[in-house]
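Colleague: Take a look at the following structure, please.
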């Protein structure tokens, strides 16, 4: 263990002194060659004089504690092998692709786990990333001169590091990569004004694991993030750290920003040359007003991309153990918004109240009285099962079942709050049998979800 730490210290350019009655063969060779200084004896207090950093790696806890106490008294950073309580700094597991360095740490909880993670990352990160880093280093000042704007420089480097230059380095054609990068810098003065873009991305119903790969990639590229109330904090944590974040959430009768103003905001930010992530809960094209926003973008000739997300109906029903269709219960499914633009609940109730059909109401809590009344009036039985899925797919998920004739009492007595999805149909009967998420989450004391295959 001491040998491994000394090897890293020497690589970093440290002047290493080892105090030990004996040395391993490897350290003995390093001492003989003058790479390290060796005092062949037990530890003494004076050994800490003029030290910048101390490691205790003996198999005697009393000695380790003594070294730790003395180092702390002198305000010298101390690391004690396999004794995190005696340390005031820890050694991460390192992936070295110089000048690229990656450190993996568990805070001293499990060095073995850190090593296993490092081993996995080693296989994912080619050694040529170090060569790419050195190439980029050569051009930092040139790119800074060519692109005085920080955002322009960021966009330039992202294109370089995700494009042909990087591929040439990975293929071992470093001279070709250098020439391509030089040409890209030389052509910078001839580039037209930077044009922004809007990424309209569905964030899914709440669980970050339900994001698409493309959504995650664009979340890391965006300069500005404009997000809604239904986007969970765990998902916001995944966006690029230095991105500007703008909240434009809307609740019933309480809009942080009117929809028209959001549309104009997206246009303005894109015209400033920024890449704008418009992050919406669920899917942007299913009751997400995504169509209204891209109409404005298209009219203003702003480039945009659309990334679908798992809509709340699919996500919440799955996590509630309620199949939206089932051969024995429902052969069709319909998604309905609980209130229209003018606040009414004027729906085609006759078309909704069909046998063997599942109805999913988005934003339906306010319209629950009309929902119960009209569905029964148009043919559904008062005993038709209903499920309320509150904060679906998140650790706070709550599923409450009722029937059309008891739903209003349940809403009044259970303090149900948005976002809540209402599912109506015989498939709700399967919830008690198939409620996998509730059972697994209840048994999960560490907050890490378990899933059945």
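Each value in this text was obtained by applying a stated rule to the coordinates, not by laboratory testing. Here the structure is a predicted model, which is why all the values come from computation and not from measurement. Note that we place each Cβ from the backbone using ideal geometry, even for glycine, and neighbour counts take in every protein chain shown.
Colleague: Treat each spin label as a single point 7 Å out from the Cα along the C-beta direction, and report the residue 412 to residue 50 distance in nm.
Modeller: Going by the 7 Å Cα→Cβ label model, 8.5 nm.
Colleague: Hey, what did the chain get for relative contact order, percent, Cα under 8 Å, at least 6 apart?
Modeller: Once normalised by length, the contact order is 9 percent.
Colleague: Could I ask something else about it? For segment 313-442, what does the relative contact order come out to in percent, with C-alpha contacts under 8 Å and a separation of six or more?
Modeller: 34
Colleague: Under the 0.36 nm per residue contour assumption, what length would be gained going from the current alpha-carbon distance of residue 257 and residue 35 to full extension?
Modeller: Working it through step by step, the gained length comes to 73.4 nm.
Colleague: Here is a further query. By count of other Cβ within 10 Å, fewest leading, how are 121, 210, 181 ordered?
Modeller: Listed from fewest to most nearby Cβ atoms, that is 121, 210, 181.
Colleague: So I have (1) 224; (2) 116; (3) 158, and one of them is volume of the Cα convex hull per residue in Å³ calculated from this model. Which one is it?
Modeller: (1)
Colleague: Could you tell me the distance between the Cα centroids of segment 12-88 and segment 121-161, to the nearest Å?
Modeller: 39
Colleague: Between segment 96-113 and segment 277-343, what's the alpha-carbon centroid distance in Å?
Modeller: After rounding, the separation between the Cα centres reads 41 Å.
Colleague: What's the exposure ranking of 374, 292, going from fewest to most Cβ atoms within 10 Å?
Modeller: 292, 374
Colleague: So what's the back-of-envelope 222 nm ellipticity for the chain, counting only DSSP H runs of four-plus at -39500 (n - 2.57) apiece and dividing by all residues, rounded to 500?
Modeller: -10500 deg cm²/dmol
Colleague: Here's another thing I want to ask about it. Sticking with the crude label model, points 7 Å out along Cα→Cβ, report the distance from residue 325 to residue 300 in nm, one decimal please.
Modeller: For the pair residue 325/residue 300, the computed spacing is 3.9 nm.
Colleague: What Kirkwood radius, in Å to one decimal, follows from the Cα pairs of segment 197-310?
Modeller: Roughly 13.7 Å, rounded to one decimal.
Colleague: Okay, moving on. Taking the number of other C-beta atoms within 10 Å as the exposure measure, put 199, 43 in order starting with the fewest.
Modeller: The order, fewest Cβ neighbours first, is 43, 199.
Colleague: Assuming 0.36 nm per residue, please report the length gained on full extension of the stretch residue 150 to residue 65 beyond their Cα-Cα distance.
Modeller: 25.7 nm
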